[in-house]
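Only one structure is covered here, and it is reproduced in the block below.
The values are calculated or read from the model by the stated rules, or taken from the named source; none is laboratory data. Everything numeric here is computed off the predicted structure, so don't read it as measured data. Cβ placement follows ideal geometry from the backbone for every residue including glycine, while neighbour counts extend to all protein chains displayed. When the accessible area is computed, the model is the full protein with side chains, heavy atoms only, and any ligands, DNA or RNA have been set aside. Shrake-Rupley method; radii C 1.70, N 1.55, O 1.52, S 1.80 Å.
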Amino acid sequence: MKMIEVEHLTKDYGNKKGIFDISFSLKKGEIVGFIGPNGAGKTTTIRHLMGFIKQQQGSAKIMGMDCFQEASEIQKHVGYLPGEISVMEHMNGYEFIQFIAEMKQIKDFQRAHELIEYLEFDPKVKIRKMSKGMKQKVGLVIAFMQDAPLILLDEPTSGLDPLMQQKFVELIQSEQKRGKTILMSSHIFEEIEQTCDRILMIKDGRIAADEDLNKMKLNRSKHYEITFANKEDAQQFANRIPACKRISCKVTFLWKGDVNVLLKELCTFDVKDMNARYQTLEEVFIQYYGEDRK
Ligand SMILES: Nc1ncnc2c1ncn2[C@@H]1O[C@H](COP(=O)(O)OP(=O)(O)OP(=O)(O)O)[C@@H](O)[C@H]1O
C-alpha cells in the first residue's frame, strides 16, 4: 500500500491560482522534497493531504484512507508541521506541546523531551516572546514527537539558523533510518539534495518534474573552470568546446564524457589553473527545466 496517493487532485481558486490535475505517490520509507516557487501550490497540496481542504476533483489518500473524509483517523498517523504555525500565544512552548499531545492522545513524552534537547531551546519561554526560529522548533517537536510513520513538513527550516538547518538535515537522515516516510516542501535545493531520495517540482499548480535524485546525481555533469595564460589560447580552446563561456582568459563549461579527451585537448595549451566540481542539483534543474523554474 502507498503511504500517499494523489490522483488528478484539483482545487481551482480562480485567476489560474490553485492546484491542477496533480498526481504523485509516496512509498513507505521514501523521503521526498516538494519544491517550487512562492504560490506554486505546495501548501495547498499539503493541506489537502491533512484533510483541511476538500478537493474539487481527483483524490488524495493516505494509507488508503480518503484525506478529507477520514481526516481525524489520518491525523493520528501523520506528523505535521504547518507552513505558518498558529500558536497559543499565552502558553509557553511546553504547555503548547502538551496541549497538542493531549489532542493527539499522545501519552509518551520521552520523544518530545529528546527533541526539545536536540533542538536546543527553552520550552518554558512564553510563545509570544519566542523568535520565529524558536516557534519553528516548537512546531518541529510537535511534528516528530508522535513518532508517526508519515511526516508532512511545510517549509521545515524557515527561520532556522544554519547550525539548526544542519541539525534538521541530520534529524531527517535518522528518521529515514527508522523507516519514516516524509514529504517536505522547501525552496532550498541544497537541503533537498542532502535529505531526499526524490524531488517533486510544482510550478503554477502543476507537477513540473518528478525525479529520482540518486539517478540524477549519477547523470550530472562536471562544471569546469579553466584559466589560460592568455586570451588567444582561451579562445582557441573555447572554439573546440560546445556551449562554453569565455571571459578573458577563463573558459567555463559542463563536461560529462571521458576526462582523457578533455586533458588531451588541454595539453596543447598553456593552462594556469583548473577547477572542477559536480553540478549542484539546482544547476541540473535549471539545465533540464529552464531558468524560470522558481
Ligand atoms: N483560500 C484561498 N483562496 C484563494 N487563493 C488561494 C487560497 N489559498 C491559496 N491560494 C492561492 O493559491 C496559490 C497557491 O498557494 P500555496 O500557498 O499553495 O503556494 P505555496 O507553493 O505553498 O507558496 P509559498 O512557497 O509561498 O508558501 C497562491 O497563488 C495562493 O495565493
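Here are the numbers for this structure:
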read-out	value
Gaussian network model of the chain, Cα within-10 Å springs - most flexible of D66, D21, D161	D161
Volume per residue of the C-alpha convex hull in the range 16-60, rounded to whole Å³	89 Å³
Heavy-atom accessible surface of the range 1-91: percent carbon and sulfur, 1.4 Å	46 percent
Cβ-Cβ FRET estimate between I286 and Q110, R0 fixed at 30 Å, reported to 0.05	0.10
Spin-label pair Q69/K17, simplified geometry with 7 Å Cα→Cβ offset, distance in nm	3.1 nm
Among F109, F168, F20, residue whose mean-square fluctuation peaks in a GNM of the chain (springs only between Cα atoms under 10 Å)	F109
Residues in the range 197-232 that a label on I247 would reach, taking backbone N under 15 Å of a point 7 Å out along Cα→Cβ	224-228
Fluctuation leader among M164, M88, M274 - the chain, Gaussian network, Cα springs under 10 angstrom	M274
Fully extended contour minus Cα-Cα distance, from K76 to K129, at 0.36 nm per residue	16.1 nm
Nearest 10 degrees, 0 to 90: helix 93-103 Cα axis against the chain principal axis	70 degrees
Förster-model FRET efficiency, 51 Å R0, S221 and T10, C-beta, rounded to 0.05	0.90
Largest-first principal axis extents, alpha carbons of the range 137-203, Å	31, 25, 19
Members of K2/K61; K217/K256; K28/K61; K27/K222; K250/K272; K54/K135 lying beyond 20 Å, as alpha-carbon distances in this model show	K27/K222; K54/K135
Kirkwood hydrodynamic radius over Cα pairs of the range 4-217, then Stokes diffusion coefficient at 4 °C and 1.567 mPa s, in µm²/s	74 µm²/s
Cα-centre dipole for the chain with unit charges at Cβ (Lys and Arg positive, Asp and Glu negative), debye to 20	220 debye
The range 178-294, Cα convex hull volume normalised per residue, Å³	130 Å³
Stokes-Einstein diffusion coefficient of the range 43-93, Kirkwood radius over Cα pairs, 37 °C, 0.692 mPa s, in µm²/s	272 µm²/s
Selected from G179, H223, G133, residue furthest toward positive end of dipole (the chain; charges at beta carbon)	H223
The range 1-75: radius of gyration over Cα atoms, expressed as a fraction of 2.2 N^0.38 Å	1.06
Rg followed by Dmax, in Å, when the range 221-278 is reduced to its Cα trace	10.2, 27
Accessible area, probe 1.4 Å, largest first, for residues L254, L160	L254, L160
Inter-centroid distance (Cα atoms) of the range 37-68 relative to the range 202-260, Å	38 Å
Inter-label distance, nm, simple model (7 Å from Cα along the C-beta direction), N214/E95	4.8 nm
Residue list for the range 210-242, given a label point 7 angstrom along the Cα-to-Cβ vector of D258 and an amide N cut-off under 18 Å	222, 241-242
